[in-house]
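Contents: one structure, followed by commentary.
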Amino acid sequence: MIRLLGMSSPNVQKVHLMLEEVGLPFTVERIDVWKGENFTPDFAALNPNKKVPVLIDEDGPDGAPITVFESGAILIYLAEKTGRFLAARGAARYAALQWLAVQLSGVGPMFGQYTHFRMFAPPGNDYAESRYRTQAARVIETLDARLGQAAYLGGDAYSIADIATFPWMRNRSGKWGGNWDTYPNVRRWLTAVADRPAARRMMAEMDRIWTADLQSMKAAPGVLVDEILGRGDFAAPPRA
């Protein structure tokens, strides 16, 4: 049995989607980050970086249990465990891995920083919000160009690159100064992925968990929000 520890964030959604796609039996254990459950010693023992998702596979390599953190590493682990959604060798493998890297280094950080400055920063951060909105739009333009050349990000076949990127892209229209009509290739790809039975199952479950996450976020004490966001007394002091 596999245990997925997380909440409703896109990085958790991508692992949930992968598990739905490969058909392995798994359970989802909600970690309430707005209550600081990711900062407990027990959770830190699973992921020293104190972030979700974390995957625990009781039937890991050679039959021994394994714990894997970081969503990209989890996707590669599951792909190699099942032999699905990542070619074992050759150009197709590296095409998928490089577009997975675009999500990990571009889509996620740019979308995440834009959301942070839009939702949590005090007034006076117009430059930061503009920068990350612009960078998010740039990476979407890159994806749209790629999807004008191929059916999926890695090429002809659906892969972990699509699985990683889809949760970040859904429900994003209108936030970058346009809508998906501006990016027709992304729109076509989004529809294709969203129509997959595994994606429909993932979205239904994660949207349910989002409701609980939103309630926790609204109820979170200010000091805990500061800890989660690394601000106030929890901000790193300037280096001497």
Taking the Cβ of Leu214 as the center, what net charge do the other residues with Cβ under 14 Å away carry, scoring Lys and Arg +1 and Asp and Glu -1? +1
Unit-weight point scatterers at every alpha-carbon of the stretch 1-80, Debye formula, q = 0.22, 0.24 1/Å: log10 I(q)/I(0) is -1.01, -1.19
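What are the trypsin sites (Lys or Arg not before Pro) within the stretch 59-155 that DSSP puts in a loop, where the Cβ has at most 14 other Cβ atoms within 10 Å?
Here the trypsin sites (Lys or Arg not before Pro) that fit, given the DSSP loop and packing criteria, are Arg89.
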Compute the whole-percent fraction of alpha carbon pairs in the stretch 111-216 spaced more than 16 Å apart. 63
Cut-off 10 angstrom, C-alpha nodes, Gaussian network model of the chain. Which of Ala92, Ala79, Ala45 fluctuates the most? Ala45
Dipole in debye (nearest 20) - the stretch 91-195, about Cα centre, beta carbon charges: Lys, Arg +1; Asp, Glu -1: 120
Contact order relative to length of the chain, as percent, for alpha carbon pairs under 8 angstrom and 6 or more apart: 24
Cα-based Lys proximity count in the stretch 8-85, under 19 Å, for pairs eight or more positions apart or on separate chains: 5
To check you understand DSSP bridge types, tell me what percent of the beta bridges within the chain (both residues inside) are antiparallel, rounded to 5. 65
Using a/c under 1.5 as the rounded threshold, could you call the stretch 63-131 rounded, prolate or oblate? The axes a ≥ b ≥ c are square roots of the C-alpha gyration tensor eigenvalues, and prolate needs a/b larger than b/c, oblate otherwise. oblate
Regarding the chain, what is the average projected area of its C-alpha convex hull, in nm²? 14.8
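No lab work stands behind these numbers, since they all come straight from the coordinates. This structure is a prediction, so every number in the text was calculated from the model and none was measured. For neighbour counting, all protein chains shown are included, and Cβ atoms are generated from backbone atoms with ideal geometry for every residue, glycine included.
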